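Chemist: What follows is a single structure, and I will ask about it in a moment.
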Amino acid sequence: MEVSSHALELHRVAGIKFDVAIFTNLTQDHLDFHGSMENYFAAKQKLFTDSRCKVAVIDCDDDWGRKLISSTDAQQVISVGESGDWRISDVSTELSGSTRFKLKTPTQNFDANIPMYGEFNAKNAALCLAVCSVLGIDPIVVKDSLPSLPQVPGRMQLVANHADFLAFVDYAHTPDAVEKVLTEILVARPAKLITVIGCGGDRDPSKRSIMGQISASLADVVVITDDNPRSEDPAQIREAVFQGTLGQPAQVFEIGDRREAISFALSLAGAGDVVAVLGKGHEVGQEVNGVVTDFDDVKVIREVIASA
């Protein structure tokens, strides 16, 4: 289960001691609630104490993760990463939707393969393997089952393996997540990277221009659109994202209607290109002024391609 920073601050898990707690990373998000990254970390840190968990499994490649390792008083701490107790190496990804990696544990060495794209998915798999080991499940048994895992909806989800191009949907809605997703795609050297992106309303406004800047610095084309404006003016949100793109090399378009934006991005795609639709991921609704209407990025992409 997910134990969010909000849950910890608002005492939603008070009285629960978890057998294992996992820390993947900490990046800019929820600052409208926490106020600063230091406060955000302090909230997460509450889970990794002797009173809240027996074993802490922590990504040691993350700066906040290393800080957490040095401060936790959990009974047992397992680090996972390039230099961790569980060491990942030789990560290889394919845009067709698979990732291979090597994992060295304190007792075993083996190769693993997951049907998901991206180095961060290899890290997530390694963290889960470490947890399974703590719970008494042989990592080899788990490793052998990884290739049969279903694709996680909205997480680097390969929606269209078109004759000419690929289209992905991802939940990336923070600066770090946008950078990770686009950087992972660029590893495969697409002919052109086209990104559809927006930012949610009533959430941390400081990340909007940063997400625009990152998108326009990595992608060849950026299409700015609406995400979940909620109670805010969608045009003002888009403008904040647009300001971050200024001075960056990408060609930038602004299309408020999300379906039109996705359709336009797909129309630009040619042989060897990749279209990345970011922000909503698995969500199947869009909230505007308190009204939620049906909207599924995956479904829209399929409909647009089918009607082309």
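The values are calculated or read from the model by the stated rules, or taken from the named source; none is laboratory data. As the structure is a computational prediction, the values presented were derived from the model and not from experiment. Positions of Cβ are generated from backbone atoms using ideal geometry, with glycine treated the same way; all protein chains shown enter the neighbour counts.
Chemist: Just to check your reading of the model, which residue among L26, L8, L31 is buried (at least 16 other Cβ atoms within 10 Å of the Cβ), farther than 22 Å from P175 by Cβ and of a type outside the set (K, R)? Outline the logic, then answer.
Modeler: Values: L26 fails: farther than 22 Å from P175 by Cβ; L31 fails: farther than 22 Å from P175 by Cβ.
None of the others qualify; the one that does is L8.
Chemist: If you don't mind, another one. What are the residues in region 176-199 that are more than 19 Å from D273 (Cβ to Cβ) and modelled with pLDDT under 95, if any?
Modeler: Residues satisfying the conditions are D176, A177, K180.
Chemist: Kindly indicate the residue of region 76-95 that is in contact (Cβ under 8 Å) with a residue 60 or more places away in the chain and surrounded by 17 or more Cβ atoms within 10 Å (Cβ to Cβ) and also farthest from T24 (Cα to Cα) among those meeting that condition.
Modeler: Keep residues of region 76-95 that are in contact (Cβ under 8 Å) with a residue 60 or more places away in the chain, which gives 93-95.
Filter again for surrounded by 17 or more Cβ atoms within 10 Å (Cβ to Cβ), leaving 93, 95.
Numbers: T93: 20, L95: 23 Å.
Only one residue fits best here, namely L95.
Chemist: Let me ask another. Do you know which residues across region 3-23 are charged (D, E, K, R) and either assigned by TED's automatic domain parsing to the domain that holds G200 or assigned to a helix (DSSP H, G or I) (or both)?
Modeler: Start the filter on region 3-23 by keeping residues that are charged (D, E, K, R), which leaves 9, 12, 17, 19.
The answer is E9, and nothing else.
Chemist: Determine which member of the set A126, A177, A167 is under 18 Å from the mean Cα position of the chain (by Cα), in the same structural domain as L95 (by TED's automatic domain parsing) and more than 15 Å from V241 (Cα to Cα).
Modeler: A126
Chemist: Can I ask one more? So in region 49-75, with the set limited to residues that are among the small types (G, A, S) and surrounded by 15 or more Cβ atoms within 10 Å (Cβ to Cβ), which one is nearest to E119 (Cα to Cα)? Break it down into steps so the answer makes sense when it comes.
Modeler: Taking region 49-75 first, the residues among the small types (G, A, S) are 51, 56, 65, 70-71, 74.
Still in the running and surrounded by 15 or more Cβ atoms within 10 Å (Cβ to Cβ): 56, 65, 74.
Details: A56: 22, G65: 17, A74: 28 Å.
Across region 49-75, the extreme among qualifying residues is G65.
Chemist: Continuing with this model, one more query. Only helices (runs of 4 or more DSSP H) wholly contained in region 24-72 count here; list those with 1 or more residues that are farther than 21 Å from I210 by Cβ and touching a residue at least 12 places away in the same chain (Cβ under 8 Å).
Modeler: On the way: elements: 31-34, 37-45, 63-71.
In region 24-72, 37-45, 63-71 are the helices (runs of 4 or more DSSP H) which contain 1 or more residues that are farther than 21 Å from I210 by Cβ and touching a residue at least 12 places away in the same chain (Cβ under 8 Å).
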